[in-house]
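None of the figures in this text is laboratory data; all of them are computed from the coordinates on show. All of these numbers come straight from a predicted model, not from anything done at the bench. Using ideal geometry, Cβ is built from the backbone for each residue, glycine included, and neighbour counts are taken over all protein chains shown.
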Amino acid sequence: MTGRHRKHTTWTLRIGGAAVVGAALTSTFALAAQAANATETPGTKRVSSPAPAAAAAKPTSDADSNAKFLALAQAPISPIAQPRTAPKTAPKTAPKTDLKATPEQEAAKAAQAKAAQKLATAQDIIALAEKQVGTREDGSGQTKFSQWYSATGRAQETIDRDGGSRRGYLNASWCDMFVSWVAHQNGGKTATTVGQDAWTVAHAKWFKAAGRWGGTPKPGAVVFFDWGGSKSLDAIDHVGYVVSDAGNGKVNTIEGNTGNAVQKKVRSSGQIAGYGYPSYAGK
């Protein structure tokens, strides 16, 4: 077991009013405590409140469940704007400002917009992930990946789905936040095809519902692990990127939150639940 990943025996998740109980919860389902009476919840470091109690409800169909997960990560996420502090005393007359952008600024803006809509290649993803190898948590358990994710619009969406708080993401298990960060840095279109999430089970189900799930390691694929050796998506513990198929049942990967850092690993296929396949350029 790597990083802070832990697997518990039961969990309860409420989706669309229905309570769903399963056998194991992944590393980032609920988040760190803000309240003094915080309790442990499956798959978390700490959480802000206990998981909702199970209630009798009609189970959702596979089609309904797939539709929910397909909607989870379609839009790329963007930072939340920080509030501005108003000056104590407003000037009597506002200075005149020329709001017209210079040609250089317009060109830079256009280039940025174009890059955001350009799909990355699998090698682009791998190259950026490799540059993060060695990045570690700070003394409080935070990383630039969790700090980034907690400040995004996507974080509020996953809080609404999973519970927790923005502050909770700061020292929650961050393997999937690392995957999401790498994709986001390669542009909004790439972020959409890789998916943006902090809960590995939901992320895997999103790939499966989109018909982009399988058992073959491919460079740039998102690899999902179950340390218990099952192929159950509900038992997934961890996630990373595939670098290459190492042969003999081994896979070369790059993973966040592995020994509290980003590391290169060689994993056995027996630990892998499956792969999500983003739509990269050149494929």
Listed highest first by mean packing, meaning other Cβ atoms within 10 Å per residue, what order do 129-138, 254-263, 153-162 come in? 254-263, 153-162, 129-138
Other residues with Cβ under 13 Å from the Cβ of GLN196 give, with Lys and Arg +1 and Asp and Glu -1, a net charge of 0
If every alpha-carbon in segment 152-252 counts as one equal scatterer, what log10 I(q)/I(0) does Debye give at q = 0.20 1/Å? -1.12
Can you pull the three principal axis extents for the Cα set of segment 134-174, in Å, largest first? 31, 14, 12
Under a Cβ-Cβ cut-off of 10 Å, what is the net charge of the residues other than LEU233 that fall near it, where Lys and Arg count +1 and Asp and Glu count -1? +1
Summed residue charge, Cβ within 14 Å of ALA246's Cβ, Lys/Arg positive, Asp/Glu negative: +4
